[in-house]
Amino acid sequence: MLVLAKAVMAIMLGFSLSVVFGYFVVKWFRKKNINQQVSATLGKRHQVKNGTPTSGGIIFILPTVLIMVALVITGKIEFSTNLFIVMFVFIAYAILGYMDDRLKRKNNDGMSIFLKLFFQIVIALVFFYIFMSSGNDPIVDIHTLGIKINLGWLYGMFLLLVLVASSNAVNITDGLDGLAGGLSAIAFFAFGLITWGANWALGNEDVAIFCFVLVGSLAGFLVYNCHPAKIFMGDTGSLSLGAALASVAIITNHEVTLIIVAGVFVIETLSVIIQWIALSKFHTKVFLMAPLHHHFEKLGWSEVDVVRLFWSVGLLLSMAAIGFGVWI
């Protein structure tokens with residue numbers, strides 16, 4: 001019951017603060033014209049969204065950080081190396097995403113791929129150093145299959161791959177009102193439960209609290225992001241969410257479980273890769289438009305119906321992942 005009470009309280013705190021904070025952020029961003037032009041390739045349906053504020057990820061990022069700091073200061077949770085890693089990655093990718101959003105407001109292209117990759121490498125190196133300094137081994141451990149792989153110094157490359165893949169997968173999925181936010185809330189709720197049971201990881205319960213606080217903050221953000229969206233999360237939010245999810249999976253040795261929990265994000269990313277290969281190598285299309293959510297729109301589905309379908313699939317995959325990560 002204590003676990004349930006802590007989880008509910010964490011979600012309530014995150015939701016309450018983000019809803020209040022979001023009200024002022026939306027008004028302020030509109031006043032300052034902090035927005036980005038919607039690409040003409042998305043069609044008339046999305047052109048009505050021009051002028052919608054972006055970088056709204058701050059609505060769930062700042063409340064989550066403030067609540068976690070307050071919980072540590074008041075002694076409700078303990079500060080651990082793993083909690084620091086997750087918070088560091090969450091904040092660092094948020095800053096990177098915000099820098100990208102600022103550049104997009106100027107030229108719509110954003111940060112160059114090489115510059116973005118450079119910063120991601122730096123973040124991964126800091127992650128690797130702190131992770132190894134705290135006595136962890138550079139091992140990929142798949143408990144269910146009984147597989148342990150010692151990567152040695154290559155573990156740093158593995159961290160970079162998982163962080164980059166996860167952050168960009170959420171970024172790719174962030175194309176419809178409420179889609180990425182809702183899927184992320186479901187994913188972090190699943191990982192909150194999984195992490196609570198990962199008692200081999202230092203500070204696992206405190207990292208689980210982080211996940212639940214973020215679930216609440218995301219729910220508060222969805223008050224302003226569900227269709228019709230009053231604000232978009234932008235790269236500020238999508239990059240930080242994907243990276244934080246990856247970092248939680250890594251410190252709990254649930255990298256394989258991450259693939260299941262983030263199944264919709266993975267499918268969305270694969271649709272882009274498949275489309276790119278089909279166009280560049282075979283000069284044909286597999287999907288009417290990529291990522292996959294736009295394919296459904298081209299088929300005539302409403303934006304709300306696509307989001308509902310993807311949320312449902314994400315929920316089913318997360319329930320399966322809880323069974324895989326905790327029980328099986």
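From 167, 184, grab the single residue that is farther than 22 Å from residue 49 by Cβ, surrounded by 24 or more Cβ atoms within 10 Å (Cβ to Cβ) and either of a type in the set (Ser, Thr, Tyr) or under 10 Å from the mean Cα position of the chain (by Cα) (or both). I'd like the intermediate steps shown before the answer.
Numbers: 184 fails: farther than 22 Å from residue 49 by Cβ.
Among 167, 184, only 167 is farther than 22 Å from residue 49 by Cβ, surrounded by 24 or more Cβ atoms within 10 Å (Cβ to Cβ) and either of a type in the set (Ser, Thr, Tyr) or under 10 Å from the mean Cα position of the chain (by Cα) (or both).
If you scan the range 272-328, which residues turn out to be free of Cβ contacts under 8 Å to residues at least 24 places away in the same chain, surrounded by 15 or more Cβ atoms within 10 Å (Cβ to Cβ) and among the β-branched types (Val, Ile, Thr)?
274
Restricting to the range 78-91, name every residue that is surrounded by 20 or more Cβ atoms within 10 Å (Cβ to Cβ) and either under 15 Å from residue 167 (Cβ atoms) or within 16 Å of the chain's Cα centre (by Cα) (or both).
Across the range 78-91, the qualifying residues are 85, 86, 87, 89, 90.
What about residue 193, is it in a helix (DSSP H, G or I), modelled with pLDDT under 90 and surrounded by fewer than 24 Cβ atoms within 10 Å (Cβ to Cβ)? Please lay out each step first, then the result.
Details: in a helix (DSSP H, G or I): yes; modelled with pLDDT under 90: no; surrounded by fewer than 24 Cβ atoms within 10 Å (Cβ to Cβ): yes.
Against the criterion (in a helix (DSSP H, G or I), modelled with pLDDT under 90 and surrounded by fewer than 24 Cβ atoms within 10 Å (Cβ to Cβ)), residue 193 does not qualify.
Based on this model, can you work out whether residue 306 counts as in a helix (DSSP H, G or I), among the β-branched types (Val, Ile, Thr) and either over 21 Å from residue 166 (Cβ atoms) or touching a strand residue (DSSP E or B) at 6+ places or on another chain (Cβ under 9 Å) (or both)?
Numbers: in a helix (DSSP H, G or I): yes; among the β-branched types (Val, Ile, Thr): yes; either over 21 Å from residue 166 (Cβ atoms) or touching a strand residue (DSSP E or B) at 6+ places or on another chain (Cβ under 9 Å) (or both): yes.
For residue 306, the condition - in a helix (DSSP H, G or I), among the β-branched types (Val, Ile, Thr) and either over 21 Å from residue 166 (Cβ atoms) or touching a strand residue (DSSP E or B) at 6+ places or on another chain (Cβ under 9 Å) (or both) - is met.
Report, by residue number, each residue of the range 13-64 that is modelled with pLDDT under 85, part of a helix (DSSP H, G or I) and hydroxyl-bearing (Ser, Thr, Tyr).
Of everything in the range 13-64, just one residue is modelled with pLDDT under 85, part of a helix (DSSP H, G or I) and hydroxyl-bearing (Ser, Thr, Tyr), namely 41.
Considering 215, 223, which residue is out of contact with any His (no Cβ under 7 Å at 6 or more places or on another chain), assigned to a helix (DSSP H, G or I), surrounded by fewer than 24 Cβ atoms within 10 Å (Cβ to Cβ) and in contact (Cβ under 8 Å) with a residue 60 or more places away in the chain?
Numbers: 215 fails: surrounded by fewer than 24 Cβ atoms within 10 Å (Cβ to Cβ).
Result of the check over 215, 223: 223.
Within the range 238-296, track down each residue that is closer than 30 Å to residue 148 by Cα and small (Gly, Ala, Ser).
Here is the first cut: in the range 238-296, the ones closer than 30 Å to residue 148 by Cα are 239-270, 273.
Selection gives 240, 242, 243, 244, 246, 247, 249, 262, 263.
Could you tell me whether any residue of the range 148-157 is over 24 Å from residue 269 (Cβ atoms), β-branched (Val, Ile, Thr) and surrounded by fewer than 17 Cβ atoms within 10 Å (Cβ to Cβ)? Steps first, answer last, please.
Pass one, the range 148-157, residues over 24 Å from residue 269 (Cβ atoms): 148, 150, 152-153.
So of that shortlist, the ones also β-branched (Val, Ile, Thr) come out as none.
Among the residues of the range 148-157, not one is over 24 Å from residue 269 (Cβ atoms), β-branched (Val, Ile, Thr) and surrounded by fewer than 17 Cβ atoms within 10 Å (Cβ to Cβ), which makes the answer no.
May I ask you to say which residue of 170, 140 is in contact with a helix residue (DSSP H, G or I) (Cβ under 8 Å, 6 or more places away or on another chain), outside any helix (DSSP H, G or I), touching a residue at least 60 places away in the same chain (Cβ under 8 Å) and not small (Gly, Ala, Ser)? Walk me through it before giving the result.
Values: 170 fails: outside any helix (DSSP H, G or I).
Answer to the check: 140.
Given 155, 98, which one is among the aromatic types (Phe, Trp, Tyr) and more than 30 Å from residue 323 (Cα to Cα)?
Only one candidate qualifies: 98.
So which residues in the range 104-119 are part of a helix (DSSP H, G or I), buried (at least 16 other Cβ atoms within 10 Å of the Cβ) and not aromatic (Phe, Trp, Tyr)? Lay out the reasoning, then the answer.
Taking the range 104-119 and keeping what is part of a helix (DSSP H, G or I), we get 104-107, 113-119.
After this cut, where a residue has to be buried (at least 16 other Cβ atoms within 10 Å of the Cβ) as well, the list is 104-105, 116, 119.
If the condition is that a residue be part of a helix (DSSP H, G or I), buried (at least 16 other Cβ atoms within 10 Å of the Cβ) and not aromatic (Phe, Trp, Tyr), then 104, 105, 116 are the ones that fit.
Suppose we filter 209, 186 for residues that are farther than 21 Å from residue 314 by Cβ, in a helix (DSSP H, G or I) and modelled with pLDDT of 95 or more; which single one remains?
Details: 186 fails: farther than 21 Å from residue 314 by Cβ.
On inspection, the qualifying residue turns out to be 209.
Confirm whether residue 250 is closer than 28 Å to residue 71 by Cα, β-branched (Val, Ile, Thr) and touching a residue at least 60 places away in the same chain (Cβ under 8 Å).
Values: closer than 28 Å to residue 71 by Cα: yes; β-branched (Val, Ile, Thr): yes; touching a residue at least 60 places away in the same chain (Cβ under 8 Å): yes.
So residue 250 fits the description; yes.
The values are calculated or read from the model by the stated rules, or taken from the named source; none is laboratory data. Please read all numbers here as calculations on a predicted model, not as lab measurements. Glycine also receives a Cβ, built like all others from the backbone with ideal geometry; neighbour counts cover every protein chain displayed.
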